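Take a look at the structure below.
All of the numbers you see were taken from the coordinates with simple rules; none came from a lab. In this text the structure is predicted, and so the values were computed from the model without any measurement. Note that we place each Cβ from the backbone using ideal geometry, even for glycine, and neighbour counts take in every protein chain shown.
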Amino acid sequence: MTIRQAKIQDAKKLSYLIQKNAEHVEENLYTPIQRATWSAQNKPKTLKEQLKKRKVFCAFEHNKLVGTIALEGNLVCGMYVSYSKRGQGIGQKLLKHLENYAKRKGLTELILTASPNGYGFYLKNGYKPYGKMTQEFDGIKYPEIKMKKN
């Protein structure tokens, strides 16, 4: 597996990865309208704009995108691992890669909001909860847990 910074031309692959994950987020207890709205927020055009303001990393196996993670300021965001590749350590490698990058940039604290499904993963990787919040896209709400790591 290789990890590299995302390029503008990766936006379509990133969108596909996120769209496929959205099909499998029943464990978050998201409704069909929540899944559809989330997918709509992650089209290639939107992701190209995000690539301009975030540091996005991509994990590839045999030239196939299998995961991604992003950093905007000190906010960890946009972490997705191909649903068929979960449990193989890809998420941990991406998170460690991002944390090492943040450390080199002088960041002393990382924050994130975890979905119900991601909460255990981040907890296992040293992130501590410090509150709850609700994200909203196009009037659709998503419960999240605020977490941080020094």
Rg/Rh of the chain (Cα atoms, Kirkwood Rh), to two decimals, equals 0.93
Computed for the chain: size of charge dipole around the Cα centre, +1 on C-beta of each Lys and Arg, -1 on C-beta of each Asp and Glu, debye to nearest 20, value 600
Flagged as over-length at 31 Å C-alpha distance, from 45/128; 45/124; 53/93, the pairs are 45/128; 45/124
The simple spin-label model distance between residue 107 and residue 88, using points 7 Å out along Cα→Cβ, in nm, is 2.6
One quarter of the C-alpha convex hull surface, i.e. the mean projected area of segment 38-116 in nm², amounts to 6.0
